[in-house]
Each structure stands twice: as C-alpha cells, then as structure tokens.
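What follows draws every value from the coordinates through simple rules; no lab data is involved. Quantities reported herein were computed from a predicted structural model and do not represent experimental measurements. Virtual Cβ from ideal backbone geometry, glycine too; neighbours counted across all protein chains shown.
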Amino acid sequence: MAALAEIVAFLDAELRTSEILDYPAAMNGLQLANRGDVHHIAAAVDFSTTVVREAVTRGASMLVVHHGMFWAGALPIVGPRYYRLALLFENDIAVYGSHLPLDLHPRFGNNVLLAKELELTPSGGFASSQGVVIGVSGSSDVPTSALVERAKAFCERNARRLVTTPVRAGQVTRRWGICSGAGASTATLEEAVELGLDTLIVGEGPHHTAVQAPDLGITLLYCGHYATETLGVRALVAEVAKRFSIASSFIEAPTGL
C-alpha cells in the first residue's frame, strides 16, 4: 500500500507537470483523487469506458493515462461521462493524466522509448508543440528497408499494421526524426526539411502528409497513434510500482489507428 499523495508528488516532479505547457484543457496531473491509498496502479493510453471497466476488474486503485479525462472544457456529466465517474467513485480509483510531459520525458517518454524499440540513438530534438520540443532526432547508417522491418515488428506487437510512403531500393536512413501520436503534419515535414532529415517515424498524420513527403525526399513510417503511445505509460507505472512496492499492470485497448 502506498499513499496517493506521495505517488502524485513523485509523478509531478519526475514529469515536470507544472512546468510544461500543453493544450489548455489537457489538465495534466491528478485529475481525480481517491480516498488516499494505492495498492495497484494501472496504465492505459486512453481514458475510456472500456479502460475504466477493466481497471475495476483488476482491482486497481489508481489509473495513469496519456489521454486524460479532460479535452474539451466543461461538459455536462451525463451518459458515458456520468457512468465512468460513477465507476471510479464506487471503486475508489484515482486518475492521473500526462500528455506532453510524458511524450518528451528523457527516460519514460514515448519518443525516446520508440527510438530504443527501433534501435536508434537520439542526439537531438524534433517537433515542437505548444512551445516545447517533444520528439527526438538523430543520425544513423541503416538501410531504410531494415528500419521498416523493425517498425513492422513493433507495430505487430501492438495490434497495428505499419503504413509507409515508398522506399527506394538501396535507400539508407542517415538522418531521422520521431514524433509519436499525431506526429505527421505540414509543420513537422517543413521542420524535417530544415533539419535535413530523410526519414520520419510517427504515429499518424493526415492524408496530405503521405502525398507531400515523397516530393520532399522524406520517407514516412506511420506506426500508429495508439501503438506509439503505449510505451510511456507502461514504463512510468512500472517505475512507480517498483519505487512504492505496489502492483502494476497495463490495460490494452487498441484503437487500430
């Protein structure tokens, strides 16, 4: 058993929750308290009815999510919103959300961990959002086809099919960038050109990015919004469980996107 307040203090300090700007309604940090004790901490990418039900089934007393409870400002607590809150209150489950602070964390961040999964070593940053750099970049000398195979294996482990723009025979990835989640955009493509990147690894992006990228000499690997954001919350709750001697688990709820 651990004190909720102590876990929250650790997470806030480790993630620099109060320092890092995010979307106004993201409300990073403790989003819902419980009665004060935690014996099982669960993690999930998204806050949803499916995830809350599974947290109840597992007997979790705290839930850490990347996409939290609040995104669109004040809304009536009716329908699914009421049902989720009722389950959380009835089962004394606290909720902690961490969006951009988790994306950019140097140890538990989605981007640095995705680089590790793909056997890439970051040496710089890439992709800014809300005034902070959240992605990573680096140099390599790896056949792009080999990088594609690594990304494909990662996707298959996370219920996702890899999508890529065309890869030329004999193509080599020498400068790459990673931005998990909705990482492909006109802005990130422009930044990639400025940085001289030839390969971008992202979660997802709008259709036009797959059209623009080849014209700019960039190969895009779309590894899935959900898949690329499983890494941070998994690592984070494992650290909390170890530090506070409590149980932990990860709740799978893939979207396919």
Mind checking the angle between helix 144-157 and the chain's longest principal axis? C-alpha axes, 0 to 90 degrees, to the nearest 10. 20 degrees
For Gly125, distant residues with modelled amide H under 5 Å away: Ser137
Would you mind getting the Kirkwood hydrodynamic radius of the range 103-228 from its Cα pairs, rounded to one decimal in Å? 14.0 Å
Taking the number of other C-beta atoms within 10 Å as the exposure measure, put His39, His99 in order starting with the fewest. His39, His99
Vicinal HN-Hα couplings computed from phi for the range 105-120 (Karplus, 6.51 cos²θ - 1.76 cosθ + 1.60; Hz; Gly/Pro x): 4, x, 10, 9, x, 4, 6, 5, 6, 5, 4, 4, 4, 9, 6, 10
What is the packing order of peptides 228-235, 47-54, 176-183, 18-25, taking the mean over residues of other C-beta atoms within 10 Å and listing the highest first? 176-183, 228-235, 47-54, 18-25
Could you give the dipole magnitude of the chain about its Cα centre, charging the beta-carbon of Lys and Arg +1 and that of Asp and Glu -1, in debye to the nearest 20? 480 debye
Treat the chain as a sphere of radius equal to its Kirkwood radius over Cα pairs and apply Stokes-Einstein at 4 °C in a medium of 1.567 mPa s; give the translational diffusion coefficient in µm²/s, rounded to a whole number. 69 µm²/s
Roughly how tilted is helix 49-58, in degrees to the nearest 10 and between 0 and 90, from the longest Cα axis of the chain? 60 degrees
Given a Förster distance of 41 angstrom, what is the FRET efficiency for Leu75 paired with Glu156, based on the Cβ-Cβ distance and rounded to 0.05? 0.65
What residues have an amide H closer than 5 Å to that of Ala43, excluding those fewer than 5 places away on the same chain, when H is modeled at 1.01 Å from N in the peptide plane? Val64, Ser249, Phe250, Ile251
So, in nm, how far is label Leu87 from label Ala238 when the simple model puts each one 7 Å beyond its Cα toward the Cβ? 2.6 nm
Which Rg and Dmax, in Å, describe the Cα atoms of the range 1-74? 12.6, 35
Extension gain, Tyr23 back to His207 (0.36 nm per residue minus Cα-Cα distance, nm): 63.9 nm
Cut-off 20 Å, label point 7 angstrom out along Cα-to-Cβ of Thr186: give me the residues of the range 119-137 whose amide nitrogen falls inside. 127-131
Find how many whole Å separate the alpha carbon centroid of the range 189-257 from the alpha carbon centroid of the range 106-154. 9 Å
Listed residues Leu189, Leu87, Leu114, most fluctuating in the chain (Gaussian network, C-alpha, under 10 Å): Leu87
Cut-off under 5 Å, modelled amide H: who pairs with Val163 long-range: Tyr222
Only Lys, Arg (+1) and Asp, Glu (-1) charged, at Cβ; the range 103-196 dipole about Cα centre in debye: 300 debye
